[in-house]
Amino acid sequence: MCEFGVTPTRRTILSFVAFIFDPDVFIGPVVLPAKLILQDTCRQNLAWDTELPTGCFMIWDCWLGGMKLLSELLLSRCLVPEPYKPLATQMHCFANASKFAYGVVAYVRFEDVSHQVRCSFLLAKSNVAKPKTKAPSDNGPKSTL
């Protein structure tokens, strides 16, 4: 049994991942390990109500423990707080990908007349990569962000 009193199975993991409402993807990097575990259970062809193997269970249990910390997360949606008057505005985007997952984040950078800089989170996206299955007609890698 895991911390929330539910035996971790492929079905319960999908239920937890689907339950999380995060339209701005603030916590996308936090949810990603659960999605990777779910993908791994699919790859192993586990039945929906079969308990997780030990390796997946340990990762899942650790992930659930970290979810408690999200209640302490405070994020401001205000891009430019008053009375800050920016002179220059820039948008910065960062992306990274691996064979397991990809992620993108965008920030807005403001600078005022006194060269004081403020950065505000705009948006993010993260997801698991598609499993690699080589089809006979597949000529090579086609992974893109």
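Would you check which residues across the stretch 23-44 are surrounded by fewer than 14 Cβ atoms within 10 Å (Cβ to Cβ) and either outside the structural domain of V6 (by TED's automatic domain parsing) or among the acidic types (D, E) (or both) and list them? Outline the logic, then answer.
Residues of the stretch 23-44 surrounded by fewer than 14 Cβ atoms within 10 Å (Cβ to Cβ): 23-24, 29, 42-44.
Once the filter is applied, which keeps residues that are surrounded by fewer than 14 Cβ atoms within 10 Å (Cβ to Cβ) and either outside the structural domain of V6 (by TED's automatic domain parsing) or among the acidic types (D, E) (or both), the stretch 23-44 yields only D24.
So which residues in the stretch 94-131 are out of contact with any Pro (no Cβ under 9 Å at 6 or more places or on another chain), aromatic (F, W, Y) and surrounded by 11 or more Cβ atoms within 10 Å (Cβ to Cβ)?
F100, Y102, Y107, F121
Somewhere in the stretch 13-24, is a residue more than 30 Å from R77 (Cβ to Cβ), of a type in the set (S, T, N, Q) and at pLDDT 90 or above?
From the stretch 13-24, those more than 30 Å from R77 (Cβ to Cβ) are none; that's our starting set.
No, the stretch 13-24 contains no residue that is more than 30 Å from R77 (Cβ to Cβ), of a type in the set (S, T, N, Q) and at pLDDT 90 or above.
Kindly indicate whether G66 is farther than 28 Å from K132 by Cα and either in the same structural domain as Y107 (by TED's automatic domain parsing) or surrounded by 10 or more Cβ atoms within 10 Å (Cβ to Cβ) (or both). Walk me through it before giving the result.
Numbers: farther than 28 Å from K132 by Cα: yes; either in the same structural domain as Y107 (by TED's automatic domain parsing) or surrounded by 10 or more Cβ atoms within 10 Å (Cβ to Cβ) (or both): yes.
Yes.
Taking only pairs six or more apart or across chains, which ones have beta-carbon atoms under 7 Å, a first residue in the stretch 5-22 that is assigned by TED's automatic domain parsing to the domain that holds P53, and a second residue that is assigned to a strand (DSSP E or B)?
Cβ pairs passing all conditions: T7/E51; P8/E51; T9/E51.
Where residues in the stretch 101-122 are assigned to a strand (DSSP E or B) and charged (D, E, K, R), which of them is nearest to the chain's Cα centre (by Cα)? Steps first, please.
So the first thing to find is which residues in the stretch 101-122 are assigned to a strand (DSSP E or B), and the list is 101-111, 117-122.
If we keep only those that are charged (D, E, K, R) too, we end up with 109, 111, 118.
On the way: R109: 23, E111: 29, R118: 24 Å.
Among residues in the stretch 101-122 that are assigned to a strand (DSSP E or B) and charged (D, E, K, R), the one nearest to the chain's Cα centre (by Cα) is R109.
Condition check ((1) loosely packed, with under 14 Cβ neighbours inside 10 Å; (2) farther than 19 Å from V17 by Cβ) across all residues:
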residue	(1), (2)
L46	no, no
P53	yes, no
L74	yes, yes
C78	yes, yes
M91	yes, yes
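The values are calculated or read from the model by the stated rules, or taken from the named source; none is laboratory data. A quick note: this is a predicted structure, and the numbers were derived from the prediction, not measured. Cβ atoms come from the backbone with ideal geometry, glycine included; neighbour counts cover every protein chain shown.
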